[in-house]
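Take a look at the following structure, please.
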């Protein structure tokens, strides 16, 4: 068992680390847990969603600008290390970018898994977070690939016969899927209506498949609203500061839905956890760093 608690999250593009679980990572970083981000692509195909940033010089240097945005956002969140897996953004399914030989979607699986295994073995996390197996709501090729390589790498990292050149074996103890709960949408939608405001969630949002019945773990991030917003705003090309989806509620309205939700996909801890969990390190914390008790 490693001498320190370490959390490793795997995301597809710059900005995903801010829109998915930023407050969770900030929570654990403040506790003293080492937090490592693996970002699989450079986000080269991202649309410029902030009109103020839609300028020729920005489009010409989008990759470099998105790297600068990622650096600012991860500093806000509290990540200790950012590792780029080194692939190009695949764009949406069917787009020309999706056929680029350098993109994440076209990378040989064995190669991509090997790169992730090398990171896992170097950083020695007890807990990993990847995207869920069910991504019907937003089936981006790079998001699907994060799941596919994450599942394989979780096991391969601990296998001494797999990827012998990637470092000494290390087996993470728990694998989680991040989940965007329908309950979150409902709570925010109802708050808009309560305040007499137009909600950004129309019927198509509520027609999307939900994962609420699979959620096993709810992390209290009621103190993290400002962190999430600040991290999102660091991605100035991708996030419109006037977006009602992200920033439509008045600033004094906080913690409408004060949890980040996760699905425990794999657990190798000796004592099975009781659900719902309120800590990603349940069953691990006491064995590694009991002084970080909650």
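The values are calculated or read from the model by the stated rules, or taken from the named source; none is laboratory data. All values reported here derive from a predicted model rather than from experimental measurement. Here the Cβ positions follow ideal geometry from the backbone for every residue, glycine too, while neighbour counts run over all protein chains shown.
Regarding region 152-166, can at least one residue be identified that is closer than 30 Å to residue 3 by Cα, in contact (Cβ under 8 Å) with a residue 24 or more places away in the chain and surrounded by fewer than 20 Cβ atoms within 10 Å (Cβ to Cβ)?
Yes.
Keeping to region 76-112, report how many residues are touching a residue at least 12 places away in the same chain (Cβ under 8 Å), exposed (fewer than 14 other Cβ atoms within 10 Å of the Cβ) and assigned to a helix (DSSP H, G or I).
Counting residues in region 76-112 that are touching a residue at least 12 places away in the same chain (Cβ under 8 Å), exposed (fewer than 14 other Cβ atoms within 10 Å of the Cβ) and assigned to a helix (DSSP H, G or I) gives 1.
Tell me which helices (runs of 4 or more DSSP H) are completely within region 147-239 and hold 2 or more residues being over 30 Å from residue 68 (Cβ atoms), or say none if there are none.
Result: 182-194, 203-206.
Return the pairs, sorted by first residue and then second, in which the second residue is part of a helix (DSSP H, G or I) and at pLDDT 95 or above, the first residue lies in region 138-149 and is at positive phi, the beta carbons are less than 8 Å apart, and the residues are 6+ apart or on different chains.
Close Cβ pairs satisfying both conditions: none exist.
Out of the residues in region 243-291 that are in a helix (DSSP H, G or I) and in contact (Cβ under 8 Å) with a residue 12 or more places away in the chain, state the one that is farthest from the chain's Cα centre (by Cα).
Looking at residues that are in a helix (DSSP H, G or I) and in contact (Cβ under 8 Å) with a residue 12 or more places away in the chain, I get 287.
Would you confirm, using the coordinates I've provided, whether residue 169 is more than 30 Å from residue 53 (Cα to Cα), without any contact (Cβ under 8 Å) to a residue 24 or more places away in the chain and surrounded by fewer than 20 Cβ atoms within 10 Å (Cβ to Cβ)?
It is false that residue 169 is more than 30 Å from residue 53 (Cα to Cα), without any contact (Cβ under 8 Å) to a residue 24 or more places away in the chain and surrounded by fewer than 20 Cβ atoms within 10 Å (Cβ to Cβ).
Before we move on, is residue 66 at pLDDT 95 or above, part of a helix (DSSP H, G or I) and either surrounded by fewer than 16 Cβ atoms within 10 Å (Cβ to Cβ) or under 20 Å from the mean Cα position of the chain (by Cα) (or both)?
On the way: at pLDDT 95 or above: yes; part of a helix (DSSP H, G or I): yes; either surrounded by fewer than 16 Cβ atoms within 10 Å (Cβ to Cβ) or under 20 Å from the mean Cα position of the chain (by Cα) (or both): yes.
Judged against the criteria, residue 66 is a match.
On to the next question. Quick check on region 37-50. Is at least one of its residues assigned to a helix (DSSP H, G or I) and surrounded by 17 or more Cβ atoms within 10 Å (Cβ to Cβ)?
No.
Quick check on this structure: which one of 117, 58 is out of contact with any strand residue (DSSP E or B) (no Cβ under 9 Å at 6 or more places or on another chain), within 26 Å of residue 169 (Cβ to Cβ) and either in contact (Cβ under 8 Å) with a residue 12 or more places away in the chain or assigned to a strand (DSSP E or B) (or both)? Don't jump to the end; show me each part of the working.
Working: 58 fails: within 26 Å of residue 169 (Cβ to Cβ).
Only one candidate qualifies: 117.
Which one is farthest from residue 148 (Cα to Cα), of the residues in region 24-34 that are buried (at least 24 other Cβ atoms within 10 Å of the Cβ) and touching a helix residue (DSSP H, G or I) at 6+ places or on another chain (Cβ under 8 Å)?
If we take residues in region 24-34 being buried (at least 24 other Cβ atoms within 10 Å of the Cβ) and touching a helix residue (DSSP H, G or I) at 6+ places or on another chain (Cβ under 8 Å), then 33 is farthest from residue 148 (Cα to Cα).
Moving on. Looking at region 211-242, which of its residues are farther than 26 Å from residue 263 by Cβ, surrounded by fewer than 16 Cβ atoms within 10 Å (Cβ to Cβ) and without any contact (Cβ under 8 Å) to a residue 40 or more places away in the chain?
Within region 211-242, 226, 242 qualify.
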